[in-house]
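The values are calculated or read from the model by the stated rules, or taken from the named source; none is laboratory data. What you see is a predicted model, and the numbers here were worked out from it, not measured in a lab. FYI the Cβ positions are ideal-geometry reconstructions off the backbone, even for glycines, and counts take in every protein chain you see.
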């Protein structure tokens with residue numbers, strides 16, 4: 001029997017509990033209460049909302065806290081010494097409280113999403129009921145007063161969580177038309193929270209896939225990175241494929257046997273996954289021996305996602321190291337090549353990706369890992385026996401040849417064939433003498 005990833009009922013092992021500010025760690029609790037108290041003294045109200053209340057209901061410890069209030073952004077800005085108007089036009093301010101940034105958003109309703117991302121018009125409200133009506137999923141519309149611990153649930157999100165259901169607030173198709181990114185959020189929350197998607201919400205997501213066309217590549221990548229940080233990234237991307245949404249944000253990339261191989265890699269890497277490893281596995285140009293690698297297409301897709309320069313470099317580095325790891329695992333790499341591999345900052349992540357592929361010389365990687373862990377820092381990075389100046393003094397001219405000789409000498413040192421400065425000088429003399437002999441023979 002074939003079950004749908006998005007709609008299968010999941011057994012819930014956690015115990016639901018009424019959210020309480022006491023469940024926050026001290027830094028978050030003090031910030032929420034401090035900000036809420038100042039807002040209350042100014043005649044307003046403030047509520048913890050979103051992920052923090054949802055996670056507390058599920059028995060999880062939140063890592064951040066957001067507040068919703070009936071005070072408008074200008075009032076918030078005037079109340080606090082340090083604020084950042086990161087989304088002021090849409091009602092959101094960042095309040096800096098004792099070094100911690102807390103997002104404070106005015107109750108609001110939203111109208112029109114011509115760019116499938118931001119509302120064309122925002123109307124400020126005065127109640128949690130108005131604010132809840134514009135949120136994406138019922139589980140994200142739970143409100144907690146940090147001062148009194150009063151709990152408000154205007155759209156019955158607590159009931160949905162208790163039943164293991166992910167449901168849109170209000171009319172589901174309208175929610176997805178407003179912002180296509182909510183389709184990606186749907187698969188992320190379903191996988192991360194062990195929720196089955198309510199049928200109407202699921203069908204609405206399928207019906208509104210075109211809304212993803214209005215979502216920027218940067219926002220898609222940002223949602224992918226959140227999926228990678230979750231507990232079941234492979235399940236989230238399988239759900240994305242089941243919806244057909246992968247053709248809008250990763251066209252053709254998760255199809256067929258190669259797509260299956262990439263998803264298996266994500267599953268195998270879950271315990272160590274980072275955004276770098278996640279992208280490297282998801283876009284792996286050579287995940288199996290099923291078809292020739294398509295490196296150019298992988299790089300083009302990576303660049304379409306608009307990663308930072310550092311993220312792009314790190315993903316490319318993981319792909320580059322797959323060849324050296326295979327050579328080392330099959331025994332065709334020299335000791336010097338292996339030690340140079342172990343010195344790579346991305347060595348362990350690249351090894352994890354290689355093992356997750358499950359093809360080639362995976363059985364040889366245990367020995368590589370053991371060898372790398374047994375080596376001392378001095379064995380990996382032995383002090384240089386000769387310097388660049390030593391080579392210049394010996395008559396080597398500046399240029400590529402200088403670097404080539406230094407690297408070749410280090411290879412001899414790593415192999416254990418040259419162990420001290422005298423042997424290094426003898427080796428250099430032999431190299432330079434050999435060059436001279438070859439030059440004389442050519443001229444003769």
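Observations on the structure shown:
- Count of residues meeting criterion [part of a helix (DSSP H, G or I) and out of contact with any helix residue (DSSP H, G or I) (no Cβ under 7 Å at 6 or more places or on another chain)] in segment 338-356: 2
- Of the candidates 387, 372, 376, the single residue that is over 40 Å from the mean Cα position of the chain (by Cα) and either outside the structural domain of residue 336 (by TED's automatic domain parsing) or at negative phi (or both) is 387.
- Residue in segment 327-334 that is without any contact (Cβ under 8 Å) to a residue 12 or more places away in the chain, surrounded by fewer than 19 Cβ atoms within 10 Å (Cβ to Cβ), closer than 15 Å to residue 285 by Cβ and out of contact with any strand residue (DSSP E or B) (no Cβ under 9 Å at 6 or more places or on another chain) present: no
- Helices (runs of 4 or more DSSP H) completely within segment 155-197 that count 3 or more residues being under 22 Å from residue 241 (Cα atoms): 172-178, 181-192
Let's see how each residue does on (1) at pLDDT 95 or above; (2) not in a loop (DSSP other than H, G, I, E, B):
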| residue | (1), (2) |
| --- | --- |
| 4 | no, no |
| 11 | no, no |
| 17 | no, no |
| 29 | yes, yes |
| 60 | no, no |
| 86 | no, yes |
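- Residue 418, sole failed condition from (1) at pLDDT 95 or above; (2) exposed (fewer than 13 other Cβ atoms within 10 Å of the Cβ); (3) in a loop (DSSP other than H, G, I, E, B): (2)
- The condition (being in a helix (DSSP H, G or I), touching a residue at least 12 places away in the same chain (Cβ under 8 Å) and more than 29 Å from residue 286 (Cβ to Cβ)) is satisfied by just one residue among 213, 248: 213.
- Note on segment 229-241: among residues that are touching a residue at least 40 places away in the same chain (Cβ under 8 Å) and within 16 Å of residue 254 (Cα to Cα), the one that is surrounded by the most Cβ atoms within 10 Å (Cβ to Cβ) is 237.
Let's see how each residue does on (1) in contact (Cβ under 8 Å) with a residue 12 or more places away in the chain; (2) loosely packed, with under 14 Cβ neighbours inside 10 Å; (3) farther than 18 Å from residue 39 by Cβ:
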{"site": "61", "(1), (2), (3)": "yes, yes, yes"}
{"site": "73", "(1), (2), (3)": "yes, no, no"}
{"site": "85", "(1), (2), (3)": "yes, yes, no"}
{"site": "106", "(1), (2), (3)": "yes, no, no"}
